[in-house]
Amino acid sequence: MSLRSDFLWGFATASYQIEGAIDQDGRGPSIWDTFCAKPGKIAHGASGEVACDSYNRTAEDIALLKKVGAQAYRFSLSWSRIIPLGGRNDPVNEAGLSHYVKFVDDLIDAGITPMITLYHWDLPDELDKRYGGLLNREEFPLDFENYARVVYKAIPKCKYWITFNEPFCSSVLAYSFGQFAPGHTSDRNVSPVGDSSREPWIVGHNILVAHGRAVKVYREEFKPTDKGVIGITLNGDATYPWDPEDPRDVEAAHRKIEFAISWFADPVYFGKYPDSMRKQLGDRLPEFTPEEVALIKGSNDFYGMNHYTADYVKHGDGNPPPEDYEGDLTCSKTNKAGESIGPETQSFWLRPNAQGFRDLINWLSKRYNYPPIYVTENGTSIKGENDLTREEILEDDFRVKYFDDYVRALAKAVEEDGCDVRGYMGWSLMDNFEWAEGYETRFGCTYVDYDDNQKRYPKKSAYAMKPLFDSLIKKE
Ligand code: GBH
């Protein structure tokens, strides 16, 4: 028994990935609706139009959580259901807001602790059209602050708040690779939109400011009475040098984490960007004003950690092109000795390596002075799953082993290394819309039959989580 008696475990999802019901109850379009409608962006032309239809199946989803014994549920809100046009002078849609108020009431009645993400990538489309969305340093943080206030006020029962999910993805995947909405990229092969040599860092900066504003509002206006905690969720892989004998690879492995995680975590904990980023990016990386530093420094009550995999990292030649987002390095899944970092999955970027989880929890804890950590996502896809029958998919021993290995690695980081991990949300409660990959890749602990009325079938892994945590969490 190594985890605190109040350790919180459960499953995670995100609004656009599960809700469907895109035109219901006055919801406005988000940038993902618009992006999915563009030809060639999403595998098989899929979209979140129906997804798991969770907007209409809240009771079913809560019953599912209960059935598998989850203590907590992390989900995100669709901003454009609550404020369809998104802005601070635009009307609030009471139907959309009360849907979430009721959902939280129902979760709590079922004994499940809600954890709300305010922003998991589905920006109201109008804000992108009106002023360039996340690129706008003046407007975007103010509109986000307003949205956050509307939500805090309506949902005082929620005690766990996450401002942004994975700002790295909203910056790099959306403004450099063009893989995510709104699809900016300087890549000549896909007809360039925007300037990828600058936009990812502008977007990252604006998200940090918006996060800071939303935290300030929570702490000043709501936290004294509601007593919740708030933080930002960051993604990042564990890294190891491609050639451990080469100090340049050792340095690059460290720098890769700085470009993924410290880009956001250093401002939140130290009030500045990492030196490695300033050195490479120069004035392409925005400067914080003193007011912005005051907002952002110290703005995490906890560190939200999304984690899936590990990489080997090899240094480059020292001349990264201007749109290079992570410094001058390359990542691979095998090292110089030809060893693989882990078994293949359905996702090219994901290979399980549980030691990496423990090592990265330690890396974060040392650098940021042992903050409370909530693991807000962790999970895996499975190679070749789409060739299997439903009955075969339900026997997801690969995922059961993944969770077992990763959760035990987490427990070691707590018990043996002294890290302060307080929660764990498996990704995902159910199969869902996997962004650019559409419905091809399944991350769920529950199978969703998209051909038969989105019927849910819990997989073996959904049932494996409770006994695992029961064996690790101290009894009161
Ligand atoms: C999470 O991100 C998301 O929060 C969640 O919505 C999603 O469903 C889940 O992952 C599963 O994918 O193009 O080489 O840079 C996970 C972190 C970071 C993984 C970016 C994919 C892209 C690989 N993601 N990464 S690459």
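Just for helices (runs of 4 or more DSSP H) wholly inside the range 177-273: which have at least 3 residues that are closer than 26 Å to Asn136 by Cβ and hydrophobic (A, V, I, L, M, F, W, C)?
199-217, 263-270
Do we find that Gly438 is of a type outside the set (A, V, I, L, M, F, W, C) and either free of Cβ contacts under 8 Å to residues at least 40 places away in the same chain or within 15 Å of the ligand (Cβ to nearest atom) (or both) in this structure? If you could, list the steps in order and put the result at the bottom.
Values: of a type outside the set (A, V, I, L, M, F, W, C): yes; either free of Cβ contacts under 8 Å to residues at least 40 places away in the same chain or within 15 Å of the ligand (Cβ to nearest atom) (or both): yes.
It is true that Gly438 is of a type outside the set (A, V, I, L, M, F, W, C) and either free of Cβ contacts under 8 Å to residues at least 40 places away in the same chain or within 15 Å of the ligand (Cβ to nearest atom) (or both).
Which of the residues spanning the range 180-189 are open to solvent by 50 Å² or more (accessible area, probe 1.4 Å) and either modelled with pLDDT of 95 or more or away from the ligand (no atom under 14 Å from the Cβ) (or both)? Give the steps one after another, and end with the answer.
Start the filter on the range 180-189 by keeping residues that are open to solvent by 50 Å² or more (accessible area, probe 1.4 Å), which leaves 187-189.
Passing the criteria: Arg188, Asn189.
Can you pull out every residue in the range 150-173 that is open to solvent by 20 Å² or more (accessible area, probe 1.4 Å), of a type outside the set (A, V, I, L, M, F, W, C) and over 25 Å from Pro91 (Cα atoms)?
If the condition is that a residue be open to solvent by 20 Å² or more (accessible area, probe 1.4 Å), of a type outside the set (A, V, I, L, M, F, W, C) and over 25 Å from Pro91 (Cα atoms), then Lys159, Tyr160 are the ones that fit.
When the residues of the range 242-267 are narrowed to those that are aromatic (Phe, Trp, Tyr) and open to solvent by less than 20 Å² (accessible area, probe 1.4 Å), which ends up nearest to the chain's Cα centre (by Cα)?
Here the residue is Phe264.
Pairs only if they're at least six apart or on different chains, beta carbon under 6 angstrom, first in the range 158-183 and of a type in the set (Phe, Trp, Tyr), second within 7 Å of the ligand (Cβ to nearest atom); list them, first residue then second.
Listed pairs, sorted by first residue: Phe168/Asn235; Phe180/Leu173.
Scan the range 199-206 and give yes if some residue there is modelled with pLDDT under 95, in contact with a Phe, Trp or Tyr (Cβ under 9 Å, 6 or more places away or on another chain) and within 15 Å of the ligand (Cβ to nearest atom), otherwise no. Give the derivation first.
In the first step, residues of the range 199-206 are kept if they are modelled with pLDDT under 95; the result is none.
No, every residue in the range 199-206 fails to be modelled with pLDDT under 95, in contact with a Phe, Trp or Tyr (Cβ under 9 Å, 6 or more places away or on another chain) and within 15 Å of the ligand (Cβ to nearest atom).
Just the residues that are open to solvent by 10 Å² or more (accessible area, probe 1.4 Å) and within 16 Å of the ligand (Cβ to nearest atom), please, taken from the range 210-241.
Matches in the range 210-241: Asn235, Asp237, Thr239.
Any residue in the range 296-312 that is closer than 16 Å to Pro167 by Cα and open to solvent by 10 Å² or more (accessible area, probe 1.4 Å) sitting within a Cβ distance under 6 Å of a residue that is small (Gly, Ala, Ser) and within 16 Å of the ligand (Cβ to nearest atom)? List the pairs, counting only those 6 or more apart or interchain.
Asn300/Gly231
Here is a yes/no grid of residues against (1) more than 25 Å from Ser347 (Cα to Cα); (2) buried (at least 16 other Cβ atoms within 10 Å of the Cβ):
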residue	(1), (2)
Ser5	yes, no
Ala21	yes, yes
Ile31	no, yes
Ile42	no, yes
Ser76	no, yes
Gly96	yes, yes
His99	yes, yes
Val104	yes, yes
Pro114	yes, yes
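Let me confirm something: among Asp396, Asp387, which residue is touching a residue at least 60 places away in the same chain (Cβ under 8 Å), among the charged types (D, E, K, R) and more than 15 Å from the ligand (Cβ to nearest atom)? Break it down stepwise before answering.
Values: Asp387 fails: touching a residue at least 60 places away in the same chain (Cβ under 8 Å).
Sole residue among the options that is touching a residue at least 60 places away in the same chain (Cβ under 8 Å), among the charged types (D, E, K, R) and more than 15 Å from the ligand (Cβ to nearest atom): Asp396.
Go through the range 320-369 residue by residue and tally those that are surrounded by fewer than 14 Cβ atoms within 10 Å (Cβ to Cβ) and modelled with pLDDT of 95 or more.
Filtering the range 320-369 for residues surrounded by fewer than 14 Cβ atoms within 10 Å (Cβ to Cβ) gives 321-322, 332, 334, 337-340, 348-349, 366, 369.
Filter once more, so that each one left must be modelled with pLDDT of 95 or more: 332, 334, 337-340, 348-349, 366, 369.
Number satisfying all stated conditions: 10.
The values are calculated or read from the model by the stated rules, or taken from the named source; none is laboratory data. What you see is a predicted model, and the numbers here were worked out from it, not measured in a lab. Positions of Cβ are backbone-derived with ideal geometry, glycine not excepted, and every protein chain shown enters the neighbour counts. We work out accessible area using only protein heavy atoms, side chains counted, and drop any ligands, DNA or RNA first. Shrake-Rupley method; radii C 1.70, N 1.55, O 1.52, S 1.80 Å.
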